[in-house]
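Report on the structure given below.
Values in this text are rule-based calculations from the coordinates and carry no lab data. A quick note: this is a predicted structure, and the numbers were derived from the prediction, not measured. For neighbour counting, all protein chains shown are included, and Cβ atoms are generated from backbone atoms with ideal geometry for every residue, glycine included.
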Amino acid sequence: EQTMDVAQFIEGSRTYLPVRYVAKSIGVEGSKILWDEATRQVTIIKDGQVAQLTIGSNILTLNGAKITMDTKAKVVNGRTVLPLRAVATALGANVAWNEADQTVTVK
């Protein structure tokens with residue numbers, strides 16, 4: 001359990017969380033979460049998988065293969081936020097939404 005410095009939010013039926021918390025929740029070490037200010041690109045490395053997202057783009061690149069997401073990565077309050085399900089499932093996690101209590105579970 002962690003306290004985030006930017007609140008999660010739902011936009012267009014997608015849950016967004018800060019990239020660092022998404023990555024850590026699926027077992028990514030902090031040193032494997034990279035930010036390139038020049039390209040505005042985040043790289044997440046987990047178990048030989050390399051996921052890259054660029055702010056303002058709806059393309060998730062996983063090991064060089066392009067995956068079109070139905071939403072874009074963005075910056076909110078100085079933090080990169082990502083669509084949780086797209087990123088977590090690309091890196092091998094299972095994501096479940098509970099409509100009744102509006103919670104997301106990542107395993």
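Structure values in brief
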| quantity | calculated |
| --- | --- |
| The range 1-30 and the range 48-107: distance between their alpha carbon centers, rounded to Å | 9 Å |
| The chain: relative contact order in percent, alpha carbon pairs under 8 Å with at least 6 residues between | 22 percent |
| Relative intensity, log₁₀ I(q)/I(0), of the chain from a Debye sum that treats every alpha carbon as a point, q = 0.17, 0.24 Å⁻¹ | -0.75, -1.62 |
| Dipole in debye (nearest 20) - the range 1-48, about Cα centre, beta carbon charges: Lys, Arg +1; Asp, Glu -1 | 100 debye |
| Farthest toward positive dipole pole in the chain [+1 Lys/Arg, -1 Asp/Glu at C-beta], among 26, 49, 3 | 49 |
| Computed [θ] at 222 nm, helices only, for the chain once each DSSP H run of length n ≥ 4 contributes -39500 (n - 2.57) | -3500 deg cm²/dmol |
| Two-site FRET efficiency, residue 104 against residue 31, from Cβ-Cβ distance with R₀ of 30 Å, rounded to 0.05 | 0.75 |
| Estimated distance in nm for a label pair at residue 89 and residue 58, the labels positioned 7 Å out from Cα along Cα-to-Cβ | 1.5 nm |
| About the Cα centre, charge dipole magnitude for the chain (Lys/Arg +1, Asp/Glu -1 at Cβ), debye | 240 debye |
